[in-house]
Amino acid sequence: MKYKDYYAILGLDRGAALADVKSAYRKLAHKYHPDVSKDPEGEARFKEVSEAYQTLKDPEKRAAYDQLGSHQAGQDFRPPPDWGAHFGNGGAGAPSFDDIDLADLFAGLSGGRQHGGRARADRPMAGRDYDVTAEIGLEDAYHGTQVDLHLGVPDYDHQGRIHHVERTFKARIPKGATSGQRLRLRGQGGKGRNGGPDDDLYLNIVLRPHALFRVDGHDLYLDLPLAPWEAALGATIEIPTLGGPVQLKVPPGTGAGKKMRLSKRGLPIPQGGEGDLYAVVHLAMPADVTKPEQALYKQLAEASTFDPRAHFSQEARHAG
Amino acid sequence: MQGEPHDALWQDPQWNDQWQLLTIAELAASCGLSEAELHELVSYGVLVPANPGEPQSTFSVECVFRVRKASRLRDDLELDTHALALAIRLLDRIESLEAELAALRARATYRLL
């Protein structure tokens, strides 16, 4: 069994008062709680902090923990020989501690309460629901996909001791999944205790940002750069879509900022139909303009009467 | 865990659709809050029944996720129901602002880098 230094995790001395334990936990929980924090390390950090707190806030568990002695964090160790007899595992002989996590050991202590603190150990109890986030690419959302989810779920051995087992789920994600959409896998979360119902696994879909397309609901947005002459003269342009390239006819005189709708080329909607794809025009200028090109621009400037800032002088007159 | 075979299950997930409704007892069972706490969240206005005003409240499946979050916050941050209601309200606001920002970014003429 690997040793974890619960005091160090909470930033406390071994003699810290209960009030200090609480206050240290709350400070860290505010910082790392995954429902509140944007810290990518938040979830893992919160798990550690919460595990330390669950043990140190309970005088009996804290005493049991202190009896384990002080070791280096991560160091392999075994509890003293009579440890189990003092702390609730009496009569179980010398249990093997090799494959037990420290947290599970304390969760199994007599009088130990489950997370949430309500359930009695002998009552049929639902397992704990799991939330898993699956990040999928836009192409996968368009075609539908299958994802492998790995998670540690609790299981109970014949002595009623809790173990964490890694399970892999293959979940089929139907086409048209969008960010924030939720799936539920019935009975695939934590295993119920004492005959309680197995719980559900909740899958939260998040779309990975795409290099070309931006997503708003089931609509997609694509920046469409046009050369000045394409915008002026019109052009037929090949546009990438998730279903393959299509030809888009750009009318002459298309200005920057114009949104061109490609109907039903967005993400499929699970209830039926498809979102739209919007190509948003912007004018791209070549970084280097060659001499002959400059001459053509000059010719154009001389021939044209176009004033792109006519409204400036109008507005100025109104203001005056 | 050592020695345990890994399960490889083929699952066809059920889509939670917004038309599926739960009673308050079902919601309590799936979320770990008591019915009394759920009634209190309703009275604070952070949990809105799908059929307001009717004697037997029903809730959309979307509520499951909100209430599960509430349940985690209650347990992990040791909040009372009043503080919990405030936290949920503020988290809701952050979520809707983030959604609005994401939509505006998507529709922006030029990509905001």
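Please treat every number below as a calculation from the coordinates, not as lab data. Values in this document were obtained by computation on a predicted structure and should not be read as measured data. All Cβ positions, even for glycine, are placed from backbone atoms using ideal geometry, and neighbour counts span all protein chains on display.
For the residues of A:208-219, the average number of beta carbons from a partner chain within 10 Å of their own beta carbon is 2. Taking square-rooted eigenvalues a ≥ b ≥ c of the alpha carbon gyration tensor, is the stretch A:201-279 rounded, prolate or oblate, where a/c under 1.5 means rounded and, failing that, a/b exceeding b/c means prolate? It is prolate, given that a/c is not under 1.5 and a/b is the larger ratio.
Dividing the mean sequence gap of close Cα pairs (under 8 Å, 6+ apart) by how many residues the stretch A:205-320 holds gives a relative contact order of 24 percent.
Expressed as a whole percent, the proportion of Cα-Cα pairs in the stretch B:21-107 lying more than 19 Å apart is 40%.
Highest mean packing comes first when the peptides A:9-19, A:220-230 are listed by Cβ atoms within 10 Å, giving A:220-230, A:9-19. Of all the C-alpha pairs in the stretch A:240-320, what % are more than 21 Å from each other? So the pairs more than 21 Å apart make up 59 percent of the total in the stretch A:240-320.
Rounded to the nearest 0.05, what FRET efficiency do residue B:78 and residue A:172 give with R0 = 35 Å and r taken as the Cβ-Cβ distance? Could you check? Please report the intermediate quantities before stating the final value.
Values: r = 39 Å, r/R0 = 1.11.
For R0 = 35 Å, the calculated efficiency reads 0.35.
The calculated FRET efficiency for residue A:317 paired with residue B:99, based on their beta-carbon distance and R0 = 41 Å, is about 0.45.
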